[in-house]
Amino acid sequence: MKTLKNHLILFDAECPMCRVYTKAFVKGGLLDPEGRAAYQELPQEACPMVDRQRAANEIALVNQETGEVTYGIQSLFKVFAASFPVLKPLFLFQPFIWLMSKVYAFIAFNRRVIVPPSNVVREHELQPSFRLEYRIAYLLFTWAVTAGILSAYAPLLQGLIPTGSRFREYLICGGQIVFQGVIVGFINRSKRWDYLGNMMTISFAGALLLLPVLLLHQWFSFSSTYYAGWFLIVAGLMFLEHIRRTKLLQIGWLLTITWVLYRLLILLLIL
């Protein structure tokens, strides 16, 4: 495997995902030991050719010999092409480039609601741009997947919760987005889209935790009480994560209270 020499990748120091995968590039030998740096810590004169706002949006890769800068998915393609030359034709295939650029942008512009910064974001520093179309796409994606998994899980609770229509979970999940969106609009309108993104990440993660039980159900049969117990454990973890993320967003307890209240009201209506 060949290392991409004399290149510097600029990552977002406030993004846990960015820190992890760029560190993996270095440890895996794809980049030099000194081949990564946080754009927040890089002086302007160190890389004058870098568009710093674009680097905040899309990861930048700087050729330290020529000064050439690539951004986003092209940066990742360049790193992987050096180490895995067999992939070069794929990275030149235009339909693949278009598709992966959309996937990359989908993740990049939602990265801080997928895995939020562990500390309060320093607003005075350069921050990634907000792209409404990608946030809405993220909300729709997480809504569809979460509701789909819950629809598959609901029959396992037969005898404890009445069976509903095939669209019940879609309506419940979609209703919570609208309900919480209205509440956060009154509390802090400027953080509406950040909160909704974080909320749906919690729902999405919770749904993924139900998948192992759904898979086990294909081979083993347990009582509905067992499935309900696992669901409650997942709900408890989601509750704790909701508290953590609202603290990071600095929007208080009310949204956690209304988040729980909505679910309790829906449960009463179902029963």
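A few remarks follow.
- Taking 0.36 nm per residue of separation and subtracting the Cα-Cα distance, full extension of the segment from W98 to Q53 would add 14.0 nm.
- Across K78/K247; K23/K88; K23/K78; K102/K247, pairs whose alpha-carbon gap is larger than 28 Å: K78/K247; K102/K247
- Listed residues H217, H7 arranged by accessible area, highest first, probe 1.4 Å: H217, H7
- Average accessible surface area per residue within the range 8-163, 1.4 Å rolling probe, Å²: 52 Å²
- D51 accessible area, assembled protein chains, probe 1.4 Å, Å²: 80 Å²
- Heavy-atom accessible surface of the chain: percent carbon and sulfur, 1.4 Å: 68 percent
- Exposure rank, largest accessible area first [V69, V234; 1.4 Å]: V69, V234
- Put simply, the amide H of I9, placed in the peptide plane, has neighbours under 5 Å in R36, A37, V62, leaving out anything fewer than 5 places away on its chain.
- Accessible surface for V62 stands near 10 Å², nearest 10, in the context of the full protein assembly shown (1.4 Å probe).
- Which label in (1) 19.4; (2) 18.6; (3) 17.2 gives the computed mean projected area of the Cα convex hull in nm²: (3)
- Gyration tensor (alpha-carbon) shape descriptor, the range 1-72, a/c threshold 1.5: oblate
- Residue-count net charge about F106 - beta-carbon cut-off 15 Å; Lys, Arg +1, Asp, Glu -1: +3
- For the range 180-269, a crude dipole built from +1 on the beta carbon of Lys and Arg and -1 on the beta carbon of Asp and Glu, taken about the Cα centre, is about 300 debye to the nearest 20.
- Solvent exposure ordering (accessible area, 1.4 Å, most first) of D32, D12: D32, D12
- For the chain, Cys with no neighbouring Cys Cβ under 4.7 Å: C47, C173
- Acute angle (nearest 10 degrees) that the helix 168-187 long axis makes with the longest principal axis of the chain, alpha-carbon atoms: 70 degrees
- Where GluC sites (Glu not before Pro) fall in DSSP loop in the range 115-217, at most 15 other Cβ within 10 Å: E123, E125
- Dipole of the chain computed with +1 at Lys/Arg Cβ and -1 at Asp/Glu Cβ about the Cα centre; of I270, S75, H242, farthest Cα towards the positive end is I270.
- Scanning the chain for chymotrypsin sites (Phe, Trp or Tyr not before Pro) lying in DSSP loops with no more than 15 further Cβ atoms inside 10 Å, the longest uninterrupted stretch between such sites is 1-92.
The values are calculated or read from the model by the stated rules, or taken from the named source; none is laboratory data. The structure presented is a predicted model; accordingly, all values stated were derived computationally and were not measured. FYI the Cβ positions are ideal-geometry reconstructions off the backbone, even for glycines, and counts take in every protein chain you see. For accessibility, only protein heavy atoms count, side chains too; no ligands or nucleic acids. Shrake-Rupley method; radii C 1.70, N 1.55, O 1.52, S 1.80 Å.
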